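Chemist: Shown below is the structure under consideration.
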Amino acid sequence: MINGQQTWREHEQAWVDYRRFREEELDQREQARLQQRATKLTAKLPDIVRRGDVAAVEALRQKGADLDSVDAFGVSMLDLAREAGRVRMVRYLEQVAQGSDPTAAARSLTS
């Protein structure tokens with residue numbers, strides 16, 4: 001009976017290992033999918049920052065866009081806002097950079 005018990009334990013452990021492997025694989029796929037989504041959202045930021053639409057930038061940030069990103073020429077979102085003369089956007093991005101609650105910062109500048 002010892003061999004039967006060992007075989008059962010080995011089988012059970014193999015099943016546990018397989019489930020763990022599948023969960024890790026699915027987790028990696030989900031992380032890759034979320035990263036792709038964030039990259040697409042971040043690519044939209046420069047145009048929206050130049051327009052000065054704080055609410056739209058906040059919506060993209062909540063969905064995963066990276067406000068610390070740079071455009072294709074290496075210009076930060078904060079510098080884009082400054083160049084475009086978007087005072088509210090500059091204030092919003094500065095508040096976020098200083099660690100303020102982004103949602104509260106956006107709300108205070110759009111109200």
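FYI, it's all coordinate maths here, none of it is from the lab. Since this is a predicted model, take the numbers as computed values, not measurements. Methodologically, a virtual Cβ is constructed for each residue, glycine included, from the backbone with ideal geometry; neighbour enumeration extends over all protein chains shown.
Chemist: Given H placed 1.01 Å from N in the peptide plane, which residues other than close sequence neighbours of residue 66 have an amide H under 5 Å from its amide H?
Modeler: Here the answer is 42, since their amide H atoms fall under 5 Å of that of residue 66.
Chemist: Which residue, 98, 13, 36, tops the fluctuation ranking in a GNM of the chain built on C-alpha contacts under 10 Å?
Modeler: For the chain, modelled as a Gaussian network with Cα springs under 10 Å, the answer is 13.
Chemist: If you don't mind, another one. I want to verify a result. In a Gaussian network model of the chain, Cα cutoff 10 Å, which of these has the top mean-square fluctuation: 83, 23, 58?
Modeler: Sorting by GNM fluctuation, first place goes to 23.
Chemist: Using a 10 angstrom cutoff on alpha carbons, build the Gaussian network for the chain and name the most mobile of 70, 16, 96.
Modeler: 16
Chemist: I've got another one for you. Around residue 17, under 12 Å between beta carbons, what's the net of Lys plus Arg minus Asp minus Glu among the other residues?
Modeler: -1
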